[in-house]
Every structure is written in C-alpha cells, then in structure tokens.
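The values are calculated or read from the model by the stated rules, or taken from the named source; none is laboratory data. Here the structure is a predicted model, which means the values were calculated and not measured. Glycine gets a Cβ as well: all are built from the backbone with ideal geometry, and neighbour counts include every protein chain shown. When the accessible area is computed, the model is the full protein with side chains, heavy atoms only, and any ligands, DNA or RNA have been set aside. Shrake-Rupley method; radii C 1.70, N 1.55, O 1.52, S 1.80 Å.
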Amino acid sequence: MNIRTGFEVEEIREAFLNNLFYVQAKNCRTATLNDRYLALAYTVRDRMLERWMKSIDTYFTGNMRVVSYLSAEYLPGPHLANNMINLGMCDAVEQAMQELDIDVHDLFEQEEEPGLGNGGLGRLAACFMDSLATREIPAIGYGIRYEFGIFDQQLQDGWQLERTDHWLQLGNPWEIARPETTFKVKLGGHTEQHTTDDGRRQVRWTPERIVKGMAYDTPITGFLADTVALLRLWKAEAPRNFHFMIFNKGDYYGAVEDNVAATNLTKILYPNDEPEQGKRLRLEQQYFFVSCSLQDMIRIHLRFGRSLHDFARYWAGQLNDTHPSLAIPELIRLLVDEHDMDRDEAWEITRSTFSYTNHTLLPEALETWPVSLFARVLPRHLEIIYEINTRLLREVREKFPGDERRVVRMSLIQEDDGRRVRMANLACAGSHAINGVAELHTRLLKQYTLNDFHELYPQKIRNITNGVTPRRWIALCNRNLATLISGRIGMDWVSNLEELRKLEAFIDDEEFRAQWWQVKQDKKREQLAFIQQRTGIVVDPDSLFDVHVKRIHEYKRQHLNILHIITLYQRIRENPGIDIQPRTFIFGGKAAPGYAMAKLIIKLITSVADVVNNDPLVADRLKVVFIPNFNVKTGHHVYPMADLSEQISTAGKEASGTGNMKFAMNGALTIGTLDGANVEIREEVGEENFFLFGATAAEIRELKAGGYHPELCYQRDEELHRVLDALRSGVFSNGDTELFRPLLDSLLGYDEYMLMHDYRSYISCQEQVSRHYADRDAWLRSSILNTARIGKFSSDRAIRQYCEEVWKVKSVADGNDVNIKSCVLKESA
Ligand code: NBG
C-alpha cells in the first residue's frame, strides 16, 4: 500500500486519515468540515508532486523554450474537484470518502476559491493555464498573490454591499511558500549617470524604498497529463535589511511602519471599471510583479548555464493586457543596467521575448499613467520609456515622413490633458506580436484602436479567439451531461473538443434527445435548492431559464434585459389571460465599488424582482432572481442550468466574452448581438440555432455619426414608452420617482450604449425564443447542435494557436527543441 502516491480506494482512504492526523492533528471524531477538506486536498496534492518534480526536470534541463504568462489576474476557481478529474481519481476518492461516511460534495463546497481577478480576463488566464498543462507546454504563470481578492458581494435592501474576501483565512493547501525564492524590488528615488572604467555610459538607480517579493507556487494539473504547469504568485514582504534600517535610524517604530508599507503592496486586488484616481499602489503592484518575475526568469536562465544573449530563445513572455507591460522597460533595465548588455541588443531581445494580448475596445479602459507619478515611482523606467519612444518615433517618421499628427498619436507619451504614459502604445512597441481575442475585436483593433500600429507594422496584429476549458466547464460542472456525451462518442472530447461534432449523428435519435432533455431538467431541478438558499426564492423548473451572468456594466446591458422583463410584466398585467412562455430570469455579477450606474442597475434588477415575484397575477409565469456574489464556484451551478444565454452587449464593445462559450457548451441557446465571439459562435452553431438581434458595430458607428436621438425611439414605440414611464412613476421603487432617474436620464439623453435603438429588435427576438422553446423538439435539436459545434471554443485550441503562431513552442510530448530557427522573431515591419 502506498499512501502517498497510490490511487486505490484503500490507499486514498488511509492517506486521508493519515493527513487528517499528521497535518491537521485531528481524527474523524474531532475534525471539522474544513479539516476534512484540507485532509483530502493534501491527499490529492501528494499525488501531484511526482508530476511536479518531473516537470521541472523536463522544462529546465531539456532544451526547451518556456512560456512565461504574465498576468495581474487569475481566477482559477476551486482546485480540488478539478485536480481529481485531471488525475483520473474521482471514483476512487468518492468511494473512499463514502467508506468514511463523508459526502465529497460537502468538501467541494467548503473550498474557498482564489478570487485573484475581476472577471473574464482573469478567468481566461486560468483556462489558459489548464490548457498549457493539458497540452504539456512548459509554462510558468506569473502573478500577484493578493491577500484580499475581489470583494464578496452581499445585497442589502437590493443594493450591493462589498465585503473583504478573506480567502486565505482557513489555509490554502494548494500553494507552497518558497522563502528561498525572493527578489528585491526597488521603488522611487533617483538615477545618476556615470561612466564605467572601460568608458561606457551607465545609469545607477538609487531607490527610495526596497520591497522583497516572495514566491508562492501552485501546481496546475492538466487532464491526464504527465507534467504540471506552475502558477507562481508573488507576495510583498519587508526586505531583510529592515534591521539595518532600524540600526541606522534608531527608529524602531519607523522601521516597523516601513515593514507594514512594504507588505501593503500585495494586500488587495483593484476592482476594474473604477473612476481614475491616484492609484499609486496599483502602479507599484504592476511593477513589483513583473520585476520579480523577470528576475526569476533570469535567475533560472543563468542557473542552467545559459547566456543572456539567448534569453529570447528560451523564454516567450506573454503580456496579458497592459497590466504587465512594464516588463518591457524592466527587461531592458535588467539587461543593460544590471547585466551590462548593449542597449540595441537589449531592445532586440526584449521585442523578441514579448507578445501582447489586447482585451478591450473601450477607450476609457486603455491604461495610462501620469508622467509625474511615473517619475516618482519608477524614475529609471521613465528614462527607458523615453528611449523606446525615440526609437519608435524615428521609425514612424521614416515610414510616414511629414505626418506629425501620426507621431503625436503614436507617441508613448500623451501630451494633451496632462502628460501621461500610454501603456498600450508601450506594449505594442515592445512586442513582436499583438493579438485580439475574437475576429471582430481584432478587426476593430486594426481599423480603429490600434490602427496606427497596424499601419506601421502590418504583420504584427493577429487574431486568436478566446476559449475555455471543457474540463471545468463541462466535465466538472455538468457531470451528467458529460456522462451522456461520453456514452455516445467516448471520452476523447475532453481533450479534443472538436470530437463533439460526432454528436450530430444522434440528432435524429429520439431517445438521445429525450435523454438530453432529461439531463437539463434534472440539472434545473437540482439547482432549485441552490437558488432558494442564495435568494430565498422558489422557482419553477419547468419554466425557461433565461440567464445573464457577468460583471455589471452599462455596455453589457443588463438593463436592456430588465426592459424586456418589464415589457412582459405589463403585458400580463394588461391582459392576464395572455399566453406567455413562463420564464425564470437569473442574474448575477459584481459592480465596481465606484461605478454608481452599475450599482444602480443592480438595484433596478432587485427592485423589479420584488414587484414581479410578489404579484400574484404574474408570479406563476415570471420570476426574477439575482444570485449574489457571482464567481467561478457559482458559475459551476449557473452555466449548466441555463436554457437561454444572454449576450446582449452593444456591438463593438465586448472584446470576446467567454461566458457565451460556457453556456453554449452546456446546451444553452444564445440570444445575442453581433459582438465579440458571439459572431463566431453563431457561425459555428448555425444561424438557425442562435437568436440574433440589434445593430451591428458598423451601424452603431453610423448612427452615432449621423446624430442619434434616443428620445425618438421612445416616442415612436408605445410599449417602450410605457416601460420607461412605469420606471419613472415609481411602480418599481415604492413610489420613489427619483431613484432610477439617473438611468432614465442617461437612456433618454445620450444613450451611449443604444438600448433605445435595440429595444424593439430585442423584444421581437425574445418572442422568437419563446416560440422556439414551445416546440420542444426543435429546441432540443438546437441545444444539441450548440454543444456539438462548440469545439472551436476550447482553450486547448486557443493555446495551440498561441504556441504555433506566437510563442513558437512545442509540447514536451512532441520534443520542444529551442534550436528551431523560427524562435527569435525578427521585426516584421
Ligand atoms: C475582457 C473583455 C472580455 C474578454 C476577456 C478575456 C478585460 C479588460 N477584458 O470581452 O471585456 O472575454 O477580457 O479576453 O477584462
């Protein structure tokens, strides 16, 4: 019996008891639920360690190019069940726990998820780590170990309340602290020029403060893979020379305060969509984590006896949005200032190392930092950025002589409205490849947002459409569906999602369709308790589950959905005998704490819910629920129970969306605009299995250019008129006519996101949805085809594209040899 590594039921059972006793100092009688969870987590982790050791051996002793995925956010979700699936030990664990009278699902529920991200971007990074591991690509994901992740959302009187997220409070069994892997990070101070003995110009940076970064490692398993990927997150600590400072200053309390200031650096994740303020700490966080990561990469590189001239051959650095783009000046600084490299060579190596993914088209979401702040926090990097700018603008002037307006637009420094550093321009200048995350998004980047860079470097921008992992988003969260699928087409789909196409062969099989229906109905029924427990509301499992979960933002248009609900509500009130498809509207999502309009939208949803759910005339046909604290774990419940997926952003605003993929994988049909990856989902699943409405991105542009008048829509559409009037009259706010005024003013004033324009098209499309749902057979065929044709949206496919087109790395399984000559990419201009 091997209780550390064995996969037999009795080995797992004994390992569990052993860990409970020797790690938790508990026995079955005294153990709390959390003790049991931890004991099982350690039992599973023990079985990952061999793969971990093996990975490190293969990655670094072999001649391999390693992916360094730099991301300020990760939302991995709970690890336990996912690791069990990947290690192929679900049945054995369940049985072992059963023998101890433990329900393994209670242990899953006990796990706190690491909320180290805001939404799609952080979740994408986690799906990518899963696929890197599954495809056995040598990879390290670098990031920040926030002590407090994204806030917990509670509702009070229908308003969002934020609570701090204490995810580490009960212990994190998946991470291993590496006190021996620490780096010093300098901040503030000033720089001086000096000349070395051999006559070279050098810069010395004397910082005002030093913070120490310590590594915490989490192994990421892949599906039945032999190696694991490494997630390495940095925590800020006081530097060791803390004591010298006490000695020098004779000021103990002052020194302790420095210590506290240092550890503050990784205390909290910043919510996005916040109005711009100082946020010095955020800039420091970004620099802190890229500096630690690059120092770590250089340390590993040198330890294996490699020359820094070959740095780019061994490392492919991916910048996940602009948050890590300080990696560009930091690598140059490390190579030039600390390792005496020639500036031109350092610049070439840097550009060959990095590539950049853009995740947004919203101009207000493109990061910029005041030059004055930059000068205070990162004086040396500002100098390097000026040098990069000189190189960039020289190229621009060579290619477009006399076009000074272009120079102004492309400069890394924005000169009007207070001088600011443009991080997207920095990322574009310092990378050899740039990608958007869906076809439409990439097209719009080339055409508008990054048009100047596209014209300067026509080969640099490409598309790699996002994807999500089918392990977590089908196998883990929808086991019965996974079983049904595997019963027909085998298991290969789990790591080769295109295999799902084989389901099309069963589309005319009545028994299969009936089983498909049953799986969905069982899931809906199973989730009643979950909905009731989270919201207190009892819903009808036979109604159509219409689901809208994602961050709350005006461009995502949760309020358009609400206008539909009010429309239906009024139709029933006016004509109680009307034949209407019963629906349960399910919402979930967090609003940025400083985004007042988004918070008002939550209040709108909960207010409409209060009225609708308590009106006896409609309550058996319509229910509205807002599930608080939407996160990965809640997602496990929500995606599989949906009949209809709401993807209704204003066209041209959502870069890709990834929830849209998770819903379709689980057999939901989409109602959506031609935005982000919706466009490609519709292409894949077939237009007859997708409910399309609304203006296209091009039409939106035209409408705005031609002078858009939302109040005309309001005047012309009688039903819309009545919906807005009801909101204004206080029907949904206990007579308060002021509550929703900011929303109404915005809709009838400028209507930035064109709800008024798309309203009628949305309502008609929803009627089509209801008719389709009423024809169960037709609906089922569409549902099956959504799943069968969703293969493209696996993150395995996305990662394969990054590997082949951007990183030029191969799988360990295929022999990843860095000597392939395409490794170091030359500028394509
Ligand atoms: C988000 C986009 C989504 C996209 C994810 C992942 C940011 C900055 N962007 O549309 O809004 O799916 O990134 O690419 O979070």
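Numbers for the structure displayed
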{"read-out": "Any chance PRO138 is more than 13 Å from the chain's Cα centre (by Cα), under 22 Å from CYS292 (Cβ atoms) and either within 16 Å of the ligand (Cβ to nearest atom) or of a type outside the set (A, V, I, L, M, F, W, C) (or both)", "value": "yes"}
{"read-out": "Strands (runs of 3 or more DSSP E) wholly inside region 130-206 that include at least 1 residues being closer than 30 Å to VAL625 by Cβ and out of contact with any Lys or Arg (no Cβ under 8 Å at 6 or more places or on another chain)", "value": "152-156, 159-163"}
{"read-out": "Subset tally (residues that are outside any loop (DSSP other than H, G, I, E, B) and in contact with a helix residue (DSSP H, G or I) (Cβ under 7 Å, 6 or more places away or on another chain)) for region 523-563", "value": "15"}
{"read-out": "Test: LEU366 is within 16 Å of the ligand (Cβ to nearest atom), touching a residue at least 60 places away in the same chain (Cβ under 8 Å) and of a type outside the set (Lys, Arg)", "value": "yes"}
{"read-out": "Verdict on ILE700 being surrounded by 22 or more Cβ atoms within 10 Å (Cβ to Cβ), within 16 Å of the ligand (Cβ to nearest atom) and aliphatic (A, V, I, L, M)", "value": "no"}
{"read-out": "Residue tally, condition surrounded by 24 or more Cβ atoms within 10 Å (Cβ to Cβ) and either under 30 Å from LEU281 (Cβ atoms) or over 28 Å from the mean Cα position of the chain (by Cα) (or both), over region 37-65", "value": "2"}
{"read-out": "PHE626 within 28 Å of LEU161 (Cα to Cα), part of a loop (DSSP other than H, G, I, E, B) and away from the ligand (no atom under 14 Å from the Cβ)", "value": "no"}
{"read-out": "Helices (runs of 4 or more DSSP H) lying entirely in region 343-426 (those with 2 or more residues that are on the phi > 0 side of the Ramachandran plot)", "value": "none"}
{"read-out": "Criterion: closer than 26 Å to TRP315 by Cα and charged (D, E, K, R) - qualifying residue of ARG422, ARG397", "value": "ARG422"}
{"read-out": "Subset of region 637-661 [assigned to a helix (DSSP H, G or I), open to solvent by less than 10 Å² (accessible area, probe 1.4 Å) and within 13 Å of the ligand (Cβ to nearest atom)]", "value": "ASN660, MET661"}
{"read-out": "Filter result for ASP542 (more than 30 Å from ALA225 (Cα to Cα), open to solvent by less than 60 Å² (accessible area, probe 1.4 Å) and acidic (Asp, Glu))", "value": "no"}
{"read-out": "Residue that is farthest from the chain's Cα centre (by Cα), among those in region 662-687 that are away from the ligand (no atom under 16 Å from the Cβ) and aliphatic (A, V, I, L, M)", "value": "VAL685"}
{"read-out": "In region 318-333, residue nearest to the ligand (Cβ to nearest atom) [restricted to those that are hydrophobic (A, V, I, L, M, F, W, C) and open to solvent by less than 10 Å² (accessible area, probe 1.4 Å)]", "value": "LEU319"}
{"read-out": "Hits in region 103-123 (condition: touching a helix residue (DSSP H, G or I) at 6+ places or on another chain (Cβ under 6 Å) and open to solvent by 20 Å² or more (accessible area, probe 1.4 Å))", "value": "PHE108, GLN110"}
{"read-out": "Test for ASP725: is it touching a Cys at 6+ places or on another chain (Cβ under 9 Å) and more than 24 Å from ALA668 (Cβ to Cβ)", "value": "no"}
{"read-out": "Candidate set from region 77-128 (those that are acidic (Asp, Glu) and in a loop (DSSP other than H, G, I, E, B)); member that is farthest from the ligand (Cβ to nearest atom)", "value": "ASP101"}
{"read-out": "Matching residues in region 414-455 - criterion: being β-branched (Val, Ile, Thr) and within 16 Å of the ligand (Cβ to nearest atom)", "value": "ILE434, VAL437, THR442, THR449"}
{"read-out": "Condition broken by LEU20, with the remaining ones in (1) under 18 Å from TRP174 (Cβ atoms); (2) assigned to a strand (DSSP E or B) satisfied", "value": "(2)"}
{"read-out": "Selection count, region 688-723, where residues are within 36 Å of the chain's Cα centre (by Cα), assigned to a helix (DSSP H, G or I) and touching a residue at least 60 places away in the same chain (Cβ under 8 Å)", "value": "5"}
{"read-out": "Test: residue in region 591-603 that is without any contact (Cβ under 8 Å) to a residue 60 or more places away in the chain, open to solvent by less than 40 Å² (accessible area, probe 1.4 Å) and not in a strand (DSSP E or B)", "value": "no"}
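Per-residue answers, yes or no, for (1) modelled with pLDDT of 95 or more; (2) open to solvent by less than 10 Å² (accessible area, probe 1.4 Å); (3) polar (S, T, N, Q):
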{"position": "HIS79", "(1), (2), (3)": "yes, no, no"}
{"position": "GLN95", "(1), (2), (3)": "yes, no, yes"}
{"position": "LEU155", "(1), (2), (3)": "yes, no, no"}
{"position": "GLU162", "(1), (2), (3)": "yes, no, no"}
{"position": "LYS184", "(1), (2), (3)": "yes, no, no"}
{"position": "GLY188", "(1), (2), (3)": "yes, yes, no"}
